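Structure first, then comments.
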Amino acid sequence: MDDNDHRAIANRMDLFHQQEEGPGMVFWHPRGFALYRIIEDTIRGRMKQSGFREIRTPQLLARELWEKSGHWEKFAGNMFVIDDDERAHALKPMSCPAHVQVFNKRVRSFRDLPLRLAEFGACHRNEPSGALYGLMRTRAFVQDDAHIFCAPDDVEAEVARFCRMLFDIYGDFGFDDVAVAFSTRPDKRAGSDDAWDRAEAALEAAAKAAELDYRVDPGEGAFYGPKLDFHLRDSHGRDWQCGTVQLDLVLPERLDASYVDSDGHRARPVMIHHAVLGSIERFIGMLLEHHGGDLPLWLAPDQVVVANITDVSAPYAREVASKLEDDGLRVALDLRSDRIAKKIIDARSAGIPVLAAVGEREARDGTVSLRHRDGSQQVVALGDAADVLAP
Ligand SMILES: [Zn+2]
């Protein structure tokens, strides 16, 4: 396996493993799951700022709902179906139909719109075993799925706002090269030409309002509506499709979503599907390869490892670790009786950005000796270390 394969990187960082009994599934180890949670919380915070409310919907839903939504017909081959004596259920391959159920549970007025719902949806898709590939193609993954239910007039502003958020988030993760594709109506599609005209015009206006530089992919839209796809270019020059914004003309109709408009009439909301990362698993795979495992400090699951130079400094090393932890850093402790040179090599290999070496001199002076990834070193007072590392 190539050294820069995310599976090799994850192995030396001790992030996750996969095994034969769980094809396409992931066993997250403590450090890997810490990374997972940092990413999830980053998105969660951004979504909240953008007016989304987080929900959680069932994993397993009855066949009838998947029939109504159209997934049974289009997607059944990819769904894990569980038959008991009474009726068939399927593990959800996506959260959209469930979100419509939440929308439908109340009588909605135009005053409730736009209603923005987000979920870290645990999805399952029965991918062929030959297609499975580390985190890049799994059978179980979490999608940062979100839906906006809005009036037709709101589409432009909602999409434009979402696009701006998307670029900010990608930049934070170190992806600055983002290509946007605008996919228009395919030959096989649902909905009238008139509805498609309006949907494409609205999405195009939104793309312009967000000042996106996009290419047009004619005929590449989803059967239910046009979409914008966001492709990230990684440090190896490869493109990965992550984010998506899709207008849906079909699902609100099929699942009978409606609201009362300002004239007191029943109207169909527009449903906008979107995701920033797509599959969190796959995004982590990309992120590891993009950074070669050297994640920026804010993302590193362990930000500092405190290592004692000799056994007598172990108590001080413990004190340093607990102080840095109290100051909000994610800290590991290396108290093995190995030489410090070996501990430095191991920290590098585990992708930990900083090693704080402490010996008798540091214990006496109340300092730590910080060794950074780039080879630079500095001695700082223990009380200042957290500020120096994460100002
Ligand atoms: Zn959706």
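Here, each number is a calculation from the coordinates, and none is a lab measurement. Computed from a predicted structure; not experimentally measured. Cβ atoms come from the backbone with ideal geometry, glycine included; neighbour counts cover every protein chain shown.
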Normalised contact order of the chain, rounded percent, pairs of Cα under 8 Å and 6 or more residues apart: 15 percent
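Is there a pair in 74/227; 48/188; 68/227; 323/343; 68/188; 188/208 whose C-alpha atoms are over 29 Å apart, and which pairs would that be? Before the final figure, lay out the partial values.
Numbers: 74/227 18 Å; 48/188 36 Å; 68/227 22 Å; 323/343 21 Å; 68/188 19 Å; 188/208 27 Å.
Pairs exceeding the cut-off: 48/188.
Considering all alpha-carbon pairs of segment 151-299, what whole percent are spaced by more than 29 angstrom? Don't jump to the answer; show the numbers that get you there.
Details: 2675 of 11026 pairs.
Considering segment 151-299, 24 percent of its Cα-Cα pairs are separated by more than 29 Å.
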Estimated Rh, segment 121-193: Kirkwood, alpha-carbon pairs, angstrom: 16.1 Å
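Please pull out the direction-averaged projected area of segment 278-352, using the convex hull of its alpha-carbon atoms, in nm² to one decimal place.
If I average the Cα hull's projected area over directions, I get 5.6 nm².
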Neighbourhood net charge (14 Å Cβ-Cβ; Lys/Arg +1, Asp/Glu -1) for residue 314: -3
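Write down the Å³ per residue value for the convex hull defined by the alpha carbon atoms of segment 304-389. Intermediate results must be reported in sequence, preceding the final value.
Values: hull volume 6.7 nm³, N = 86.
Spelled out: Cα convex hull of segment 304-389, divided by residues, is 78 Å³.
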Loop trypsin sites (Lys or Arg not before Pro), segment 167-217, which have at most 13 other Cβ atoms in a 10 Å radius of their Cβ (DSSP): 188
Per residue convex hull volume, Cα atoms of segment 6-291, in Å³: 142 Å³
DSSP beta bridge pairing in the chain, given as percent antiparallel to the nearest 5: 75 percent
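About the Cα centre of the chain, what is the dipole size in debye to 20, counting +1 per Lys and Arg Cβ and -1 per Asp and Glu Cβ, all else neutral?
The dipole of the chain has a size of about 480 debye.
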Cα pair distances in segment 245-292, grouped into 10 Å bins until the bin that holds the longest one, percent each: 23, 28, 21, 16, 11, 2
Contact order relative to length of segment 1-95, as percent, for alpha carbon pairs under 8 angstrom and 6 or more apart: 17 percent
Segment 191-236: proportion of alpha-carbon pairs further apart than 13 angstrom, %: 62 percent
Residue among 19, 69, 49 farthest towards the positive dipole end of segment 1-88, charges placed on Cβ: 49
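Listing 9, 309 from the residue with the fewest other Cβ atoms within 10 Å to the one with the most, what is the order? Please list the in-between numbers first.
Values: 9 23, 309 18.
In order of increasing Cβ crowding within 10 Å: 309, 9.
For a quick check: sort 42, 138 by the number of other beta carbons within 10 angstrom, fewest at the front. Write down the numbers at each step before the final one.
Details: 42 17, 138 24.
Lowest to highest Cβ neighbour count: 42, 138.
For each of 204, 253, count neighbouring Cβ atoms within 10 Å of the residue's Cβ, then give the residues from fewest to most.
On the way: 204 19, 253 16.
In increasing order of surrounding Cβ atoms, one gets 253, 204.
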Amide proton proximity set for residue 278, modelled H, under 5 Å, gap of 5+: 144
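Based on a Kirkwood Rh over C-alpha pairs, give the Stokes-Einstein translational diffusion coefficient of segment 1-74 at 20 °C and viscosity 1.002 mPa s in µm²/s.
Values: Rh = 15.9 Å.
The estimated diffusion coefficient comes to 135 µm²/s.
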Segment 299-391: relative contact order as a whole-number percent, Cα under 8 Å and 6+ apart: 31 percent
